[in-house]
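Participant: Input: one structure, supplied below.
The values are calculated or read from the model by the stated rules, or taken from the named source; none is laboratory data. Since the structure is predicted, the reported quantities are computational estimates derived from the model, not experimental observations. Cβ placement follows ideal geometry from the backbone for every residue including glycine, while neighbour counts extend to all protein chains displayed.
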Amino acid sequence: MATASFRLLFGTSVGLVEKDEWRRRRKVISNTFHFEFLKSLIPKVGEITGQMLKDLETKDSNVVKVEVLPFMRELLSTILAKMLFGVEVGEDQLDGQTVASFVNNLVTDGIQQCATLPVAIFGAKFVKMGIRSKDRDVLRRINIYREFG
């Protein structure tokens, strides 16, 4: 069991979570990835995918060249924005990007920041402190997104 001063320094990072807290976090995560919940998302994912494919068809009646990787990123970002955040992305812009691209980049950068050694040692509070410039940028973009939503 960590002492109070140790917790002040290191927060509640994964290595310091006690049994009851670990169970609580596991329950929250397991509900998110429960098979029935994921299965219930399939129709909406199909609808979003179908709409994006339809949008490709209507851009030009001629053959359309599609860069697959950017299209898949945009598709995934659109799905995430709708399913996780309840946001219809449309043509709105955030910080000079489409909302889907903004969400994609924010999630990617946030995951990268959380997968660093300081965060593994000190927990998520380290990112919130904004010591590194990349952390400050992620925090700035989180605020932009919160204002949008």
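Participant: Looking for something within 14 Å of the chain's Cα centre (by Cα), at negative phi and in the same structural domain as Q93 (by TED's automatic domain parsing) - is there at least one such residue anywhere in segment 114-126? Let's see the steps before the verdict.
Facilitator: Restricting attention to segment 114-126, the residues satisfying the condition of being within 14 Å of the chain's Cα centre (by Cα) are 114-115.
Among the residues that remain, those that are also at negative phi are: 114-115.
Those left that are additionally in the same structural domain as Q93 (by TED's automatic domain parsing): 114-115.
Checked segment 114-126: at least one residue is within 14 Å of the chain's Cα centre (by Cα), at negative phi and in the same structural domain as Q93 (by TED's automatic domain parsing).
Participant: Would you be able to tell me the number of residues in segment 119-149 that are hydroxyl-bearing (S, T, Y) and under 22 Å from A81 (Cα atoms)?
Facilitator: So in segment 119-149, the residues hydroxyl-bearing (S, T, Y) come out as 133, 145.
With under 22 Å from A81 (Cα atoms) added as a condition, the list becomes 145.
The number of residues fulfilling the criteria is 1.
Participant: Taking the residues in segment 8-55 that are over 22 Å from A120 (Cβ atoms) and in contact with a Leu (Cβ under 7 Å, 6 or more places away or on another chain) as candidates, determine which candidate is modelled with the highest pLDDT.
Facilitator: Here the answer is T49.
Participant: Sort through V107, V87, V68 and tell me the only one that's modelled with pLDDT of 80 or more, under 21 Å from E147 (Cα atoms) and of a type in the set (V, I, T). Give the derivation first.
Facilitator: Details: V87 fails: modelled with pLDDT of 80 or more; V68 fails: under 21 Å from E147 (Cα atoms).
Exactly one of V107, V87, V68 is modelled with pLDDT of 80 or more, under 21 Å from E147 (Cα atoms) and of a type in the set (V, I, T), namely V107.
Participant: Within segment 105-118, how many residues turn out to be closer than 24 Å to L80 by Cα and touching a helix residue (DSSP H, G or I) at 6+ places or on another chain (Cβ under 7 Å)?
Facilitator: If we filter segment 105-118 for residues that are closer than 24 Å to L80 by Cα, which is where we start, we get 105-116.
Going one step further and asking which of them are touching a helix residue (DSSP H, G or I) at 6+ places or on another chain (Cβ under 7 Å), we end up with 106-107, 109-110, 113-114.
The qualifying residues number 6.
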